[in-house]
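Note sheet for the following structure.
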Amino acid sequence: MVLITQKAVNSVTEELHVGYHGGIRSSLARFLTFFLLLQIFLFTAGCGNQEQVQKEESSTDVSTETLSDHDRSSDAKSETSDLTDAVSVPELKGTDQWINSNPFTLESQKGKVVLIDFWTYTCVNCIRTLPYLRLWHEAYADAGLVILGVHTPEFEFEKVYENLLRATQDFSLEYPIVQDNQFETWKAFDNSVWPAKYLIDQEGVIRYTHFGEGKYQETEQAIRKLLAETATDLQEPVTSSIHSYHLDSAARVTDVMLSQTRELYAGYLRNYGVLASGQMPPYILNTEYYEASNEELLYSDPGDHVNHFLYIEGLWRNEGEYLVHARTTLDYEDYVAVKFYGSSVNAVMDTVSGDAVKVQITIDNQPINVHQAGFDIEFDSNGNSYVNVTNARMYNLINKDEFGTGELQLSSNSPEFSLYAFTFGSYLGGEREF
């Protein structure tokens, strides 16, 4: 754990809070402009990272901040789009259990075209690519394409085989999936982002790579070119049959405080880490959050909410990867709030004991409008909007047609509710069905 003095915490959080209507804006802008410039300049992508999506199919890469012990953005290697380039593929290493296939080596797949996809099942950037992978598997498996999903987990619960199996079934993935829980294959490939694709030819050579979302037509063309090297008869391209994502023009803003909300983490490892780095503000602005770790604390919402931060009210316990509600309440008085900018909001949530918990979701202190409700939102007989959290996964909360802002609150009466992270999107029309 990173040790942080209370003086350091107060220094950062006071600078962020004091005089928002004067000084905080410049403080936030200093941190977040640096962050946004990284997004615009870098081409890499990763889940658990802020998106800055460019024009679809020309430059749809999702740029990110570096948050993990496994470097995921700023030092990512360059993509390979020239199929004449040749890089020998490393072998799979340290793999755990397999899904949809018996174990195999990449050496044994010579003579076939192999597409390796590094992913993790709560990553929204990864999830958005899955419809294309499903389609390519269906279209080209008989022609000699082998898609291998290398699942390298972001959160500890993603290492659990049963959780991954459930996710694979929920996403209707039929191609081989292998667990890379210790990041050994990830490291062998010198990979640094989620999602990442490596296309390997029949001789075992990497001929094409792409990091992040987008470039789906280009990727399919690369697949088809390698398959054609063995004179395989191919059907017509299929990528265009999927409705493309397009960034809402309203999201193209220069003011960082009005830009799409960055990914937000609730666990102390990420918050302490970025605070100690001094390069970026933490995700949670309650000063009491930094007084202790793994302990129940009574939080008081400091108010004056601004974009890019979480605010906590009530009794909660901060764990390494998540925040857990720490008492039974009667009227949803304890909450986590975020003022967001975007067209979609997702949250990674879980239940501590495995029993389902009801999490009430409001926007601007009102139930979510049915036309803005995410795929996982339900409504009770009184019209209140909520999510039934049954297992550890990403839940889609807000799904609007257009980019906008709102004050989101999550609250539960149960002491079983745990919150890991928020992700946001700015696509016109919101998210597609996953």
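The values are calculated or read from the model by the stated rules, or taken from the named source; none is laboratory data. Please read these numbers as outputs of a predicted model, since none were measured by experiment. All Cβ positions, glycine included, derive from the backbone under ideal geometry; neighbour counts span all protein chains shown.
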Scan the range 194-232 for residues that are touching a Gly at 6+ places or on another chain (Cβ under 9 Å) and at positive phi and jot them down. Gly212
Residues of the range 272-289 classified as crowded, with 20+ Cβ neighbours inside 10 Å and either over 23 Å from Phe340 (Cα atoms) or of a type in the set (Val, Ile, Thr) (or both), total: 2
Criterion first (out of contact with any Phe, Trp or Tyr (no Cβ under 9 Å at 6 or more places or on another chain) and assigned to a loop (DSSP other than H, G, I, E, B)) does Thr122 satisfy it? no
Quick check: anything in the range 136-149 more than 23 Å from the chain's Cα centre (by Cα), in contact (Cβ under 8 Å) with a residue 60 or more places away in the chain, part of a helix (DSSP H, G or I) and buried (at least 19 other Cβ atoms within 10 Å of the Cβ)? yes
Just need a number here: residues in the range 227-239 that are in contact (Cβ under 8 Å) with a residue 60 or more places away in the chain and within 17 Å of Glu138 (Cα to Cα). 7
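Here is a yes/no grid of residues against (1) free of Cβ contacts under 8 Å to residues at least 24 places away in the same chain; (2) buried (at least 20 other Cβ atoms within 10 Å of the Cβ); (3) not basic (Lys, Arg):
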site	(1), (2), (3)
Ser343	no, yes, yes
Ser353	no, no, yes
Ala356	no, no, yes
Val370	yes, no, yes
Met394	no, yes, yes
Phe422	no, yes, yes
Gly430	no, yes, yes
Phe434	no, no, yes
I need the full set of residues from the range 206-225 which are touching a strand residue (DSSP E or B) at 6+ places or on another chain (Cβ under 7 Å) and more than 15 Å from His137 (Cβ to Cβ), in order please. Ile206, Arg207, Tyr208, Thr209, His210, Phe211, Ala222
In the range 300-312, residues that are acidic (Asp, Glu) and either crowded, with 19+ Cβ neighbours inside 10 Å or free of Cβ contacts under 8 Å to residues at least 12 places away in the same chain (or both) total 0
Does at least one position in the range 203-216 carry a residue that is within 16 Å of the chain's Cα centre (by Cα) and surrounded by fewer than 23 Cβ atoms within 10 Å (Cβ to Cβ)? yes
Within the range 371-393, can one find any residue that is of a type in the set (Val, Ile, Thr), under 22 Å from Ser259 (Cβ atoms) and assigned to a strand (DSSP E or B)? no
Can you name the condition, by its number, that Asn102 falls short on among (1) more than 30 Å from Asn391 (Cα to Cα); (2) part of a loop (DSSP other than H, G, I, E, B); (3) at pLDDT 95 or above? (1)
Do we have any residue at all in the range 240-262 that's closer than 18 Å to Ala141 by Cβ and touching a residue at least 60 places away in the same chain (Cβ under 8 Å)? yes
Asp331: passes all of (1) within 19 Å of Thr362 (Cα to Cα); (2) in contact (Cβ under 8 Å) with a residue 60 or more places away in the chain; (3) under 25 Å from the mean Cα position of the chain (by Cα) but (3)
Please work out which residue is surrounded by the fewest Cβ atoms within 10 Å (Cβ to Cβ), limiting yourself to the range 169-187 and to residues that are more than 24 Å from Val89 (Cβ to Cβ) and either in contact (Cβ under 8 Å) with a residue 12 or more places away in the chain or of a type in the set (A, V, I, L, M) (or both). Ser172
